[in-house]
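For reference, the structure discussed in these notes is given below.
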Amino acid sequence: MNRTVLVINSGSSSMKFSLVQPDSGVEIADGLVERIGERESIAKVQFGDRTVDRECAVADHDAALRLTFELFDEAGGNLETVGLVAVGHRLVHGGRDLYRPTVIDDAVVAKARELAPLAPLHNPPAVIGVEVARRMLPDLPHIAVFDTAFFHDLPAAAATYAMDRELAEQWRIRRYGFHGTSHQYVSEQAAEFLDRPLDQLNQIVLHLGNGASASAIAGGRPVDTSMGLTPMEGLVMGTRSGDVDPGIVFYLARTAKMAVEDIEAMLNRRSGVFGLGGDNDFRELHRLIEGGSEPEAGHARLAYDVYIHRLRKYIGAYLAVLGDTHVITFTAGVGENDAKVRRDALTGLAPLGVEIDEHLNESPSRGARVISADNSPTTVLVIPTDEELAIARACVAVLG
Ligand code: AMP
């Protein structure tokens, strides 16, 4: 029988699950419960060609997981017979000590809980997901896969903030990096797709989803990444600001008398292209730019321009970090689907060895593809990310 891993990604008000067969790479089912704890939650499960959904109140993550299993049954699935071997949990922050995929016991849960101050928006709901799933499926091994893991050995020059060394050590302040599962998976896929050895490729991976991050990877090992102590640093994102002058925080606290929590919420949830342009979905942003009335169209245009400007700055920086870049890969929701973003990010970079082919860039496809011109020294790719598959594979690797 095929081995199957249940992968759980638990957020504060949502819970995603998928059933993945790591040996074949097939995802046999996936599901999502949104608006947990609100009056009307939305749950949806897809299995084969059947989709079942439900709108009802889902009080907590416990109820969400139970409902997901129910809908999976309704769609014709049977958890008992799919060959479940493990439950994989996506944990955002592993801190300094948790980085290898780890079989979860009470000590790991306690450690992940301790890391809450480093990732207040992400770790606590993930830990709730772990606890709920361990209670519901006590006989299976539960394995934590950390978003920070791939960047654990980032060179010190890239990982260190130039600030008071002792204070940084005391409070574990360094650049941890996030989306690591995706950056690693996509860079490995790129090598496989090009049929070139991973250890001989210098790559830039641009993970552009609602969250967005860039990484520079030399021979399979990351040498820089745009996210830092938290996922707030770096590129402009859907709702996060990315890089800002830290002076803004003190200015708002001192002068606008804003509480630290409010500044944090503003930079996380009301910034980025949403904060500037009124929407965090790039399809809507383009619609506003092309057909919206003023001043909305102008706001959306500025949001897009700021996003592209920051992206180009990081690409330029990583071309310099790597010296000789063989591959640039776009991935995640925006990176995989938005040809305009890809074009505008790379236009005019021919003198730096990067030239996109307009026609290839505009032609959609489901799998990995080349979008650079034949004569471009750097190959530009679009590769769909698959964090669930990467987590499932990490789980079976732990089990041996
Ligand atoms: P992710 O976080 O990877 O799921 O990406 C979600 C984001 O991808 C959405 O907020 C949209 O901005 C973007 N997106 C998804 N589909 C498209 C599309 N067809 N064209 C442009 N952007 C898209």
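The values are calculated or read from the model by the stated rules, or taken from the named source; none is laboratory data. Keep in mind that what you see is a predicted model, and the values were worked out from it rather than measured. Glycine also receives a Cβ, built like all others from the backbone with ideal geometry; neighbour counts cover every protein chain displayed. Quick note on the areas: whole protein, heavy atoms, side chains included, nothing else; ligands and nucleic acids left out. Shrake-Rupley method; radii C 1.70, N 1.55, O 1.52, S 1.80 Å.
Some points to look at:
- Enumeration of residues in segment 319-347 that are closer than 27 Å to R366 by Cα and more than 15 Å from the ligand (Cβ to nearest atom): T325, H326, V327, I328, L346, T347
- Taken over segment 338-392, the criterion of being small (G, A, S) and part of a helix (DSSP H, G or I) is satisfied by A339, A345, A350, A390, A392.
- Of the listed requirements (1) assigned to a loop (DSSP other than H, G, I, E, B); (2) within 16 Å of the ligand (Cβ to nearest atom), A162 misses just one: (2).
- Every pair of residues 6+ apart whose Cβ atoms lie under 6 Å, when the first sits in segment 207-218 and is part of a strand (DSSP E or B) and away from the ligand (no atom under 15 Å from the Cβ) while the second is hydrophobic (A, V, I, L, M, F, W, C) and open to solvent by less than 10 Å² (accessible area, probe 1.4 Å): S215/V205; A216/I204
- Answer residue from segment 10-68, given it is in contact with a helix residue (DSSP H, G or I) (Cβ under 6 Å, 6 or more places away or on another chain) and among the hydroxyl-bearing types (S, T, Y) and is modelled with the highest pLDDT among those: S18
- Residue count, segment 265-279 (criterion: modelled with pLDDT under 95 and farther than 22 Å from A297 by Cα): 2
- Just one of the listed residues (I383, I308, I289) is within 16 Å of the ligand (Cβ to nearest atom), over 27 Å from S271 (Cα atoms) and of a type in the set (V, I, T), and it is I383.
- Neighbours by Cβ (under 6 Å, 6+ apart or cross-chain): first from segment 169-191, touching a residue at least 60 places away in the same chain (Cβ under 8 Å) and within 15 Å of A156 (Cβ to Cβ); second polar (S, T, N, Q) and open to solvent by less than 10 Å² (accessible area, probe 1.4 Å): Y176/T148
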